[in-house]
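Notes follow once the structure below has been shown.
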Amino acid sequence: MKNVLRLVLIGFSCVVIFSVALQAQHEGETRPAAILGFATTHVAAEHRLESDFQAIPSPEKAREWHKTFTAEPHPAASERNNQLAEFVAQEWRKQGWEEVTPRRYDVLHSKPRSVSLEMTEPVWYTASLREDAYEVDPDTKNQAVSGSYFGYSASGDVTAEVVYAHSGNPEDYELLRKNGITIKGKIVLVRYSNPYSYRGFKALTAEREGAAALLIYSDPAEDGYARGKVFAEGPWGPESHIQRGAITYDYIVPGDPTTPGWASVPGAKHIAPEEAQSLPKIPALPLSWRDAKPLLENMNGPEAPKDWRGALPITYRLTGAVKAHVKVDMDTSLQPYTVVEARIRGSELPDEWVLLGNHRDAWVFGGVDPSSGTASMMELTRALGEMKQRGVRPRRTIVACSWDGEEYALTGSTEWGEQFADDLKKKLVAYLNVDESVAGAATTAGAEGLSFSPSAVASLAPMLIEASKEVRAPSGKPLYEAWRATSMRDAKAAKPPADSALVEMRIGSGSDHTVFLNHLGRPVINLGFTGDYGVYHSMYDDHYWMEHIGDPNFEYHVALTRIWGVAALRLANADVLPFDFGFNATALEEFLRELEKNNKIDAHRLKLKKLHQYIAEFQKAGDGLREAVERSLAAGEVTPEKIQRLNDQLMQVESNWLEPNGIPGRPWFQHLLYAARYTYAHLEFPGLTEAVEKGDWKLAEQQSEVVERALAKNTALLNDAKTSWERNKQ
Ligand SMILES: [Zn+2]
């Protein structure tokens with residue numbers, strides 16, 4: 001999945017002074033640069049270990065992995081995807097990983113028996129619902145490629161008038177209503193983006209508006225010829241490309257829709273599908289623009305407003321004269337999914353885990369999504385396995401997972417997270433997710449190359465920036481420099497952003513990090529490169545695209561393996577866990593100011609002054625602790641017992657952001673700082689923000705108090721940690 005619109009952050013105003021260690025460049029100096037969280041005596045060994053690690057991944061190997069994983073379509077529950085689960089398990093055993101375990105879940109799955117779409121008036125037209133083959137790319141002739149369908153669409157047979165509803169967001173229906181157009185019982189045709197919203201949000205919105213069926217098409221304005229050269233010459237989507245996908249309401253509760261909040265282990269209780277909150281109730285289909293065009297150009301009603309028009313050479317209209325027949329027959333039944341799990345046991349702290357993961361299932365071949373990530377992961381596990389064979393074990397345990405059914409409802413990771421919730425809450429230091437490692441075309445990216453576009457919880461952003469100085473981008477520059485350059489380019493700014501604005505710290509949903517962050521309260525990082533990419537979830541997202549257009553040298557795949565590995569090794573080997581809560585607080589202050597800027601707040605009904613104060617106190621405590629820790633680590637004056645106590649406290653800070661009752665209306669989402677909107681967009685202070693946006697001041701006040709309490713608890717914890725850290729200096 002993972003197509004959440006990336007917002008470029010500019011003008012992040014607060015000035016943040018990172019530790020001196022972060023600024024230091026270790027090349028050319030005799031003393032190696034300090035590393036966040038490492039005692040001075042351990043720094044040189046960590047640098048050596050990281051450079052040994054970085055020498056292992058190879059572009060040619062990444063290309064081979066990619067070729068294997070993209071050889072056949074491998075959606076969840078398909079025979080091929082299950083074979084690939086066995087393949088991953090086998091390879092991980094060969095690579096030297098321990099306790100390689102396939103975990104099976106029996107989940108409610110959804111696949112098409114038959115689908116069809118005809119225009120019945122004013123002229124007859126039968127939609128192909130298929131993608132064209134291309135001579136240069138034999139994979140496009142593979143008979144196993146599916147046609148058009150949406151995961152978890154309802155079954156149904158509808159003949160009705162067609163209405164064009166722009167992007168299918170609530171304001172679009174508002175505009176239709178103003179024009180006297182009702183959509184009750186009609187077929188709604190919407191386009192994918194402009195502005196972007198997750199297709200499952202479009203489905204829920206259409207259902208709430210009373211539509212009888214939903215069609216979503218890819219307008220060339222967004223991912224086709226209006227953007228540049230199309231497949232097979234360029235990265236954008238050709239006329240027949242179809243963006244498949246799921247339309248699950250997994251922003252309410254992800255995972256198997258019939259086991260909300262518990263794991264679908266074999267034999268688990270399932271609720272009836274009719275009771276499931278996350279299942280759509282109307283039939284829906286994705287369309288290529290070629291299949292949508294006859295419906296649009298035969299309308300004769302009022303012209304659509306300017307910003308509703310796409311790039312097709314037609315007059316876009318709201319409705320009129322067009323009737324269609326949509327038939328969707330879905331097979332919905334329990335199917336086995338497999339999560340493959342493996343670990344390298346930590347030499348000193350086996351009960352502290354650093355988790356790495358990527359999903360395996362793809363809508364078709366998965367050239368970008370997810371097999372670019374899978375190729376990067378298999379190189380990462382190979383390199384870490386080889387280090388282990390050489391006798392170099394991480395201090396903490398590294399766990400790797402190959403998720404299943406991410407494309408359906410983030411299913412494999414959610415079920416696994418729910419199954420091992422108690423362990424994960426205690427032991428998981430951080431989860432490092434890679435969905436698409438290379439979602440862009442190096443061949444059209446220009447001199448600066450593809451954009452490195454990670455996201456991370458604010459407490460881990462400084463660690464990630466520091467790690468990026470250790471890795472080379474394909475251009476040969478340090479990744480950190482390449483990252484600054486592409487950030488500046490993408491923001492059309494005159495100078496690179498401050499370090500404090502480099503990492504995207506606003507985290508939405510749409511990939512496997514969701515359960516760990518939002519349900520279990522563990523910190524997460526998402527990594528990937530991005531650029532021109534218009535074949536998402538279509539058959540053209542394949543090996544040919546990657547090899548000829550995306551990453552012909554597979555250098556970006558390997559660069560991603562390296563930054564993923566260096567970040568993982570730092571988390572696994574650090575003396576003190578590299579969480580920066582002072583920096584975290586500056587991000588929270590920024591989030592709160594955004595909330596105030598974006599909303600008219602009734603100052604008589606809601607006062608946020610106290611919340612600002614609590615954040616300021618949390619910042620003071622975080623900065624104070626960080627400085628105290630840096631001083632003692634540099635001076636080498638700490639005992640293992642002290643470090644252990646401190647790390648337990650740091651882990652607890654992240655856990656304290658969890659509110660067991662969840663956010664109002666969505667009990668599964670328990671993080672007080674992070675959630676996702678129904679569109680998958682990021683949402684900070686979710687309970688508070690949603691209450692403010694509704695103008696429910698009483699609820700907003702309650703939610704503000706809940707956040708204040710968590711901040712107070714964490715401020716006390718950090719102050720306490722500093723006191724005991726500084727007691728009895730040795
Ligand atoms: Zn994906």
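Couple of notes before you dig in:
- Taking a point 7 Å from the Cα of His604 along the Cα-to-Cβ direction, the residues of region 678-693 with backbone N closer than 20 Å to it are 692-693.
- Using bins of 5 Å that start at zero, the share of Cα-Cα pairs per bin across region 212-298 amounts to 3, 13, 16, 15, 12, 11, 11, 9, 7, 3, 0, in whole %.
- Each Lys and Arg contributes +1 and each Asp and Glu -1, all at the Cβ; summed about the Cα centre of region 596-668, the dipole is approximately 520 debye.
- The residue list Leu460, Thr486, Gly476 was ranked by how far each Cα lies along the charge dipole of region 421-536 toward its positive end, using unit charges on Cβ atoms, and Leu460 comes out on top.
- Quotient of C-alpha Rg and 2.2 N^0.38 Å, computed over region 600-730: 1.27
- Relative to the longest principal axis of the Cα atoms of the chain, helix 59-69 runs at roughly 40 degrees.
- Taking the longest Cα principal axis of the chain as reference, the axis of helix 79-94 is set at about 20 degrees.
- For region 32-93, the Kirkwood hydrodynamic radius comes to 14.9 Å, computed from all pairs of different C-alpha atoms.
- Neighbour net charge for Pro273 - beta-carbon separation under 11 angstrom, K R +1, D E -1: -2
- Among 94-104, 163-173, 672-682, the order from most to least packed when residues are scored by Cβ within 10 Å on average: 672-682, 163-173, 94-104
- Within-12-Å neighbourhood charge of Thr70 [Cβ basis; K, R +1; D, E -1]: -4
- Only lysine pairs 8 or more places apart or on separate chains count here, and in region 454-601 those with Cα atoms under 24 Å apart total 6.
- Residue-averaged [θ]222 nm for the chain, counting only DSSP H segments that reach four residues, each worth -39500 (n - 2.57): -11000 deg cm²/dmol
- C-alpha long axis of helix 371-389 to longest principal axis of the chain, angle in °: 30
- Within the chain, percent of DSSP bridges classed antiparallel, to nearest 5: 55
- If you take all other residues with their beta carbon under 9 Å from the beta carbon of Gly582, and give Lys and Arg +1 and Asp and Glu -1, the sum is -1.
- Whether region 418-552 is rounded, prolate or oblate, judged on the alpha carbon gyration tensor where a/c under 1.5 counts as rounded: oblate
- Under 17 Å from Lys722, Cα to Cα: aspartates and glutamates that are on another chain or at least 8 residues apart: Asp575, Asp580, Glu617, Asp623, Glu627, Glu630, Glu637, Glu641, Asp648, Glu654
- The charge dipole of the chain, taken about its Cα centre with unit charges on the Cβ of Lys, Arg, Asp and Glu (plus for the first two, minus for the last two), comes to roughly 1140 debye.
- On the beta carbon distance between Ala232 and Glu64, with R0 = 22 Å, the FRET formula returns roughly 0.45.
- Shape metrics for region 390-446, restricted to C-alpha atoms - Rg then Dmax, Å: 16.0, 47
- In terms of other Cβ atoms within 10 Å, Trp353, Trp65 run from fewest to most in the order Trp65, Trp353.
Computed from the coordinates by the stated procedures, all read-outs in this text should not be read as laboratory data. As the structure is a prediction and not an experimental result, all values here were calculated from the model. Cβ sites come from the backbone with ideal geometry, for glycine too, and all protein chains shown count toward neighbours.
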